[in-house]
């Protein structure tokens, strides 16, 4: 039970980092600045009935990291939030620069972001390589939790997809990342294994996540 709670705490921290800086999450539709960006984002109608779909609204001018938990300690340093930090450090900000939404299934919680600027895929790949094997810590006095970052095969040319796996008490728990530039825009996402029996629609990871990431990239590439 303690190990399961620890694993849940790590995954919860990673989810909080993925949503760091969010002012609030609003169910249903929202009006996003930028006509092209609005057309590029999937909506609730693009998902099966019963799937939870929430738009994420960030407070204007709020810096990355505001209101969220600090990154967990890691060895090598900076690996616990390396992929999301690589995006935040080079982010373009302002109205119409990005749009986010969260999709909930029984079995997965997926955060997708559409950008009107390009990702630094070389830095993301270098970060993933540097953090292929690392340990993360709740605090310096606790034993490290081993984690791996593994690149996955994808038929989408130029896309980077990773499985990040935590091993705790002999049990593996994985989250998934996807990064892709689409013309002058970009799409990235992260998926967490999240059981939720209150949602009738089930997800299978990583396939459901990969399908959504591909659908979102295709939509962004069509506008």
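The numbers here are math on the coordinates, done by the rules we state, and not lab data. As the structure is a computational prediction, the values presented were derived from the model and not from experiment. Glycine also receives a Cβ, built like all others from the backbone with ideal geometry; neighbour counts cover every protein chain displayed.
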request  = Based on the mean of other Cβ atoms within 10 Å per residue, sort peptides 75-82, 133-140, 213-220 so the most packed one is first.
outcome  = 213-220, 75-82, 133-140
Listed peptides 97-110, 197-210, 145-158, 169-182 by packing density, highest first (mean Cβ within 10 Å) = 97-110, 169-182, 197-210, 145-158
query = For residue 36 and residue 121, what does the FRET efficiency come to when R0 = 25 Å and r is the distance between their Cβ atoms, rounded to the nearest 0.05?
reply = 0.70
